[in-house]
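The values are calculated or read from the model by the stated rules, or taken from the named source; none is laboratory data. Here the structure is a predicted model, which means the values were calculated and not measured. A quick note on method: Cβ atoms are made from the backbone with ideal geometry, for glycine too, and the neighbour counts reach across all protein chains shown. SASA here: full protein model, heavy atoms, side chains in, ligands and nucleic acids out. Shrake-Rupley method; radii C 1.70, N 1.55, O 1.52, S 1.80 Å.
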Amino acid sequence: MTTNRSFQFLPGATAAMLLGVAILAALGTWQLHRRAWKMALVEAVTARVDGVPADLATVMRAYLAGEDPEYTPVATRGRFEPSAEFHVFGTIGPRPGYFIFTRFIPAGRERASAPFFVNRGFVPQDQRAQMTAAPAGPTTVTGLFRKAERKPLFARWLTPPHQPDANIWYARDPALFQPPSQDNGTGDGSPVETDWYLDSLARSETPGTYPQGGNTRIEFNNRHLEYALTWYGLGLTLIGVWLAFSFRRQ
């Protein structure tokens with residue numbers, strides 16, 4: 001027995017199919033762009049992190065000129081300001097805790113020596129009260145140059161509200177810790193850098209002593225090609241469903 005089939009054009013189903021395919025194709029293309037960005041990031045990080053630490057003034061000149069020196073090792077000398085310390089919630093593996101951001105005032109008066117924040121390292125949640133204080137007096141800091149964590153709008157909706165009274169924050173963004181109009185501790189009213197910080201590379205010589213530096217993430221998953229193929233495959237599947245629905249038995 002032969003079953004005849006004929007194509008029936010359905011405007012509503014066709015419009016829905018075209019819209020769905022356009023969205024899925026856009027998502028797939030976005031993932032390909034993300035893949036290219038991730039590959040460039042991995043290449044830059046690999047080339048930079050093991051380099052000789054550069055002078056802060058040199059890196060700042062490049063940054064202010066529009067270059068992107070993120071993950072560049074930087075060395076500078078100055079002093080910590082323990083009264084301006086902020087705890088950002090995070091995890092190392094399965095262990096929850098806090099990254100300790102302390103304001104640092106470099107020696108010198110040039111533009112590159114304005115106060116900034118140093119992420120001194122990670123403290124497990126149950127060790128927060130026992131962590132070691134920032135060194136007093138002149139000290140040298142070596143760390144990786146990092147840009148502030150600016151979360152997209154949808155991620156902000158999912159982020160818990162900051163708890164200033166408990167000194168708990170949920171983004172590595174110095175602008176949240178200290179507005180530019182606030183005194184920076186130098187007494188001269190000069191502005192505070194708020195869109196970058198240093199990730200300390202220092203690791204404690206004593207096991208179990210916190211904060212523990214050297215925890216910058218330098219390995220990144222790159223499954224964007226897999227995600228792109230998934231979105232494109234869903235688009236083709238949607239076309240197949242539309243064709244099957246449009247060819248009706250007579």
Open item on the list: Can you give me the solvent accessible area of Phe80 with a 1.4 Å probe, rounded to the nearest 10 Å²?
Closed with: 20
Task: Cut-off 16 Å, label 7 Å out along Cα→Cβ of Met39, residues of region 215-250 by amide N - done: 220-229
Open item on the list: So, R0 is 41 Å and r is the distance between the beta-carbons of Leu236 and Ala175; what FRET efficiency does that work out to, to 0.05?
Closed with: 0.40
Task: region 121-166, dipole about Cα centre (Lys/Arg Cβ +1, Asp/Glu Cβ -1), debye to the nearest 20 - done: 300
- [ ] Could you order Trp231, Trp37 by accessible surface area, starting with the largest, using a probe radius of 1.4 Å?
- [x] Trp37, Trp231
TODO: Would you please state which residues of region 13-37 a label at Asn222 would reach in this model, taking the label point 7 Å out along Cα→Cβ and a backbone N cut-off of under 20 Å?
DONE: 28-37
Task: Sum of side-chain charges, Pro211 neighbourhood, beta-carbon under 11 Å (Lys, Arg +1; Asp, Glu -1) - done: +2
